[in-house]
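Heads up: the structure comes next, in structure tokens.
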Amino acid sequence: MAPTDFITLPVSDLERSKRFYSCLGWRLHPAFEGTGAGTVEISEDEHVMVLSEDRHLRLVGPGTPGTPADASVVNALSVDSPDEIDVIVDRAVRAGGTEGDAQDYGFLRSRCFRDPDGHQWEILWVDPAAASVRAARRR
């Protein structure tokens, strides 16, 4: 069995967050639902777990002293084609997300968005042929 990855995010409105991520074409995963928690399946082995702020605080404990309040993470997700980038980000914006930066280097393309709680996502595609050439050059 392949490993299963979970990105866990604190959210201010659990139901809104589940609706938002469902609008991206990702499906709710009832096996991992619970009080103050919801899970959305990106793929068979990739999931987003959204936790109410109270539930998240019980999981991680109080903030770490000396950590900036605005410390953030960019959740990068690669897709199989450049067209998938536009589908996901356009859905995110229509569902209430905010569009961020975009990059296009020919061999790598990405677009970013923030969900309603401000969590940043980067949806990216890397040309497999270009990635193979770059890997071969490093050898």
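Among the residues of the range 22-58 satisfying the criterion of being part of a strand (DSSP E or B) and polar (S, T, N, Q), which is farthest from ALA92 (Cα to Cα)? Reasoning before the result, please.
Of the residues in the range 22-58, the ones part of a strand (DSSP E or B) are 27-28, 34, 37-43, 46-52.
With the extra rule that they be polar (S, T, N, Q), the set shrinks to 39, 43, 52.
Working: THR39: 17, SER43: 17, SER52: 20 Å.
If we take residues in the range 22-58 being part of a strand (DSSP E or B) and polar (S, T, N, Q), then SER52 is farthest from ALA92 (Cα to Cα).
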Residues of the range 117-136 satisfying the condition of being modelled with pLDDT of 65 or more and polar (S, T, N, Q):
GLN120
Please find, among ARG114, ARG109, ARG94, ARG139, the residue that is modelled with pLDDT under 95 and out of contact with any Ser or Thr (no Cβ under 7 Å at 6 or more places or on another chain).
ARG139
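The values are calculated or read from the model by the stated rules, or taken from the named source; none is laboratory data. All values derive from a computational prediction rather than experimental measurement. Cβ atoms come from the backbone with ideal geometry, glycine included; neighbour counts cover every protein chain shown.
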